[in-house]
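Note sheet for the following structure.
Just so you know, all these numbers are worked out from the coordinates, no wet-lab data involved. This structure is a prediction, so every number in the text was calculated from the model and none was measured. Glycine gets a Cβ as well: all are built from the backbone with ideal geometry, and neighbour counts include every protein chain shown.
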Amino acid sequence: MPWLRGLLLAQLSLSFFVAGMQQNELDRLAATMKVSIQVLDNLDKSQCEKAVAAGNCYSAELRLRVPEDVPKDWQLYFSLTLPMQWYESQDFTLEHLNGDIHRLTPKVALQGGNDYRIVFRGAYWMVSESDVLPNFFLVSGQLSPRTVDATREIPDQTTKLTSIAHAGAFTTPQQYNRVAGEDITLATPSSLYDYYQSATPEHKEKNPTRIIPAIEQVEAGSGQLDLSSGLALKVEQVNQVAALQLTKAGVKMSAQGVQVNLEFDEDMPADAYRLKIGDDHISIRAGSGSGQFYALISLYWLLDRNNMTVPQGDYRDQPRYDFRGIHIDVARNFHSKEMLLRLLDQMAVLKLNKLHLHLADDEGWRIEIPGLPELTNIGAYRCFDLTERRCLLPMLGSGPDRDSNANGYYSVEDYLEILSYARLRHIEVIPSLDMPGHARAAVRSMLARYHTYIEQEQPDKAREYLLTDLHNTTRYSSVQFYHDNTINPCLPSTYRFIRKVLEEIRAMHAEAGLPLMLYHIGADETEGAWSESPACANLIEQQDISDDSELTTYFVEKVITIVNDMGIVAGAWSDGLKHVQEDKMSARLHANIWDALFFDGHKRAHQYANNGWDTVLSIPDVLYFDFPYTADPKEPGYYWASRGTDSFKVFQFMPDNLPVHGEIWQDRFGNPMPLEDDVPLQEGRAFKGIQGQLWSEVVRDDNRAEYMLYPRIAALAERAWHHAQWELPYVRGRNYGPDTAFFTPDHKASMLADWQQFTHALTDRLLPRLADEGVMFRLPLPGARIDKGKLHANSPWPELLIEYRQANQSWQQYKQPVAVGEGEIELRTRMPGLERPGRISILQNQE
């Protein structure tokens, strides 16, 4: 009977409200709740807090809907990388807890079928779906927390990418622009069509000797050397990895094969080589084992696998820079050992020789340190534990469970394997453990250790490695909005901790046969973190320091001294080194320049090189690979310095002449970027190298990490190894801007011709290799437009297939302009022989 059923339901609902939620009810709520975030406006700054984010903010709505009545005894936890500053709601309390963690608490029971909207403002802006993080989760009393299904990442089995459904659309300028006057062209099919047209020169035949990176000097012969009989190469004489690459390409090692003569030349630079391919033999002269290795890698790339021949000729080559690096952040989100080994393989064949491994930050500590198990037992995991005695807070959308992809660490055995793998590939591993800021994982782990030993009545052991002044009452906020992420520089235990960690890492390097030569201390700071620290007040008095603003200088100089005393070169990010006194530093100091060009980063780079420091360009305008490839809200990545950094932009980079980019590029808002060279590079000074960075705040798995790295890493290798003839030489004191014309049409034509040969090598040689080895690389979106009812499409690379379809039709390969009907046209690209296609874009045909 309906009336009886209604009465029973009413009684159940009443008991639900009185008794509180049960686990099955929380589970049902997590399965049925609809949650989304819709950006409303980035451009209206009238209500922004002037003291926060330089007066920039966005407005958005958090939207909730439940299918049935729900009591109020639950909370929703979620991450926003740009935290909420203000909100408006009579039904909910919305709190920013720490970092990116927020908590929503209902004040009233929710009614089924109703839409609830909480308007809020956050710092800076939000113009990308990847700003909306996944894995919102529900908590109620002592029940097990549950992830809201509507906020989980959605895997696409076709493209092997993931997406989220709870990020609203970005369709208006208020939603996809950050500031008034921003002049960024979104990556639509039509805008990409025009972009690709402008970067496509007159077609030229493929150059069989053009590899990546390009060889410095080639004297081509007249014929081909047949390697079908193999190579008479004594593997024990050379790096086994190079021989393995040739073997994998089909070249067997045989005494009856083509003779390979190896010779060392002490007068040649270490990585330089001369490869001569004759009509019946091959000779290699090199300055070191690495030079021999790179010669054999070039032989590998020159091989035509269809007929097993290599072009005869005399190839002379040497690297542009000694330092050719990739930085990968495994702290924010963990990346597996297997992914790192694949990365080392690709670095080796692209002649990159430095892996900067960012092992610790606020959100995770990723390397086992014998004697300090808390660093990995607690600091390597994020889950729901507000006490943080079992794990860190679940930052960056990692969710409530310890088995998240975000979690993990490298054991001693893992790290030894990584080091040994790198050593065989002539790659130096540079460990980095950020401090004094960006150190929350270490700070909270050592605080948990302190509490454990205090409970065991062992106060001396509790304080042995403590990184926190327990009496510090300072209220501060870091760049990532943490209020407890900074190591205290005034405690003796801080330096005991640093020595302990460094000694253990140095021992691992020694055991692996790859001595620790360079250690990166980070040197990120958190301004004002120690103003109310009694320990720092005492140190300031004892050391005759003027005030707490000089404590970063004290810390950085002290840590660099510790590192140097161990016979190790210290490295740091450029902003941390601005505090040090040059006369207190050793002659060798490694500086990574991460200052953006539009913030005068070229001046900092010149200054540090003029100091005589090993200066490595890491500038975000072009070398941050966690940024999107294109200005598209669906393209993942942070974008604070660039809305779009594709392989072509990396290829255009002229690292020896930083000011020139004021003529050919725009600032982060798409506006002119004039650059003045009023801190010129002194005669005889030069940069040590360049390094590409992959930060991992929104890079949550190995597939996404490889998608962001490849194929941009190939363009990085090109610029790190090879100095192109079209690059404009540095002229001391010359200024550049949109109205100067030093980079002439002839320079541009030469660059575009080189780019075409580069893309041939990319699609013919590198990408098939990546596909064969299971490496996830990004396929670019196609360009397309409608003209007189016909679809015209293009792509940035040769040999790339374009596919299209309309509603209820199957995919068809685009070969030439074709008539299409009205409505939506879906487009994608595909590599020949590769089952996985690229991401779909949509073109509206309104003709």
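For the stretch 217-317, list log₁₀ I(q)/I(0) at each q in 0.12, 0.20 Å⁻¹, using the Debye formula over Cα point scatterers of equal strength and ignoring solvent, two decimals each. Listed by q, the Debye log ratios stand at -0.33, -0.96. The antiparallel fraction among DSSP beta bridges confined to the stretch 217-317 stands at about 65%.
The three principal axes of the C-alpha atoms in the stretch 783-845 carry coordinate ranges of 31, 23, 15 Å, sorted with the longest axis first.
Phi angles of the stretch 74-84 translate, via the Karplus equation with coefficients 6.51, -1.76, 1.60 and θ = phi - 60°, into HN-Hα couplings of 8, 9, 10, 9, 7, 10, 10, 5, 10, x, 5 Hz per residue; Gly and Pro are given as x.
Taking the DSSP bridge list for the chain and keeping only pairs wholly inside it, about 65 percent are antiparallel.
Could you check what % of the DSSP bridge pairs in the stretch 272-359 are antiparallel, to the nearest 5? Taking every DSSP beta bridge within the stretch 272-359, about 70 percent pair in antiparallel fashion. Each Cα pair of the stretch 326-447 feeds into the Kirkwood radius, which the Stokes-Einstein equation turns, at 20 °C and 1.002 mPa s, into a diffusion coefficient of 147 µm²/s. Amide H contacts under 5 Å for G364: A441, restricted to partners 5 or more places along the chain or on a different chain, H placed in the peptide plane at 1.01 Å from N. Here the Karplus relation 6.51 cos²θ - 1.76 cosθ + 1.60, evaluated at θ = phi - 60°, turns the backbone of the stretch 324-332 into coupling constants of 10, x, 10, 9, 10, 8, 9, 7, 4 Hz, with x for every Gly and Pro. Taking amide hydrogens as placed 1.01 Å from N in the peptide plane, the amide H of F92 sits under 5 Å from those of K107, each at least 5 positions away in sequence or on another chain. Per residue of the chain, the DSSP helices (runs of n ≥ 4 H) give a summed -39500 (n - 2.57) that works out to -8000 deg cm²/dmol at 222 nm.
The calculated pair-distance distribution of the stretch 708-847 uses every alpha carbon pair, bins of 5 angstrom beginning at 0, and gives 2, 8, 15, 16, 14, 13, 12, 10, 6, 3, 1, 0, 0 percent. For the stretch 438-547, applying the loop criterion from DSSP together with a ceiling of 13 other beta carbons within 10 Å to the trypsin sites (Lys or Arg not before Pro) yields R475. In percent, rounded to a whole number, the relative contact order of the chain is 11, using alpha-carbon pairs under 8 Å and six or more apart. When Rg and the Kirkwood Rh are both derived from Cα coordinates, the Rg/Rh ratio for the stretch 742-802 amounts to 1.10. The Stokes-Einstein estimate for the stretch 2-176, based on a Kirkwood radius over Cα pairs and taken at 20 °C with 1.002 mPa s viscosity, is a diffusion coefficient of 123 µm²/s. Derived scalar couplings between HN and Hα for the stretch 156-169 equal 9, 5, 7, 8, 6, 9, 10, 9, 10, 9, 9, 9, x, 6 Hz in order, rounded to whole Hz, by the Karplus curve 6.51 cos²θ - 1.76 cosθ + 1.60 (θ = phi - 60°), x for Gly and Pro. Work out the charge dipole of the chain with +1 on the Cβ of Lys and Arg and -1 on the Cβ of Asp and Glu about the Cα centre, then indicate which of G379, T151, S546 is farthest towards its positive end. Looking along the dipole axis, the top candidate is T151. Placing +1 on each Lys and Arg Cβ and -1 on each Asp and Glu Cβ, with no other charges, gives the chain a dipole about its Cα centre of roughly 1660 debye.
Residues in the stretch 79-102, backbone N under 16 Å from the label point at K72 (7 Å along the Cα-to-beta-carbon vector): list them, ranges by number please. From the stretch 79-102, the list is 89-95.
Over all pairs of different C-alpha atoms in the stretch 490-573, the reciprocal of the mean inverse distance, the Kirkwood hydrodynamic radius, equals 14.1 Å.
Taking only the C-alpha atoms of the stretch 126-278, Rg followed by Dmax gives 27.8, 79 Å. With only Cα atoms counted, the chain has Rg and Dmax values of 28.6, 98 Å. Once the Cβ-Cβ distance between E541 and N610 is put in as r, and R0 is 41 Å, what FRET efficiency do you end up with, to the nearest 0.05? So, using R0 = 41 Å, E works out to roughly 0.70.
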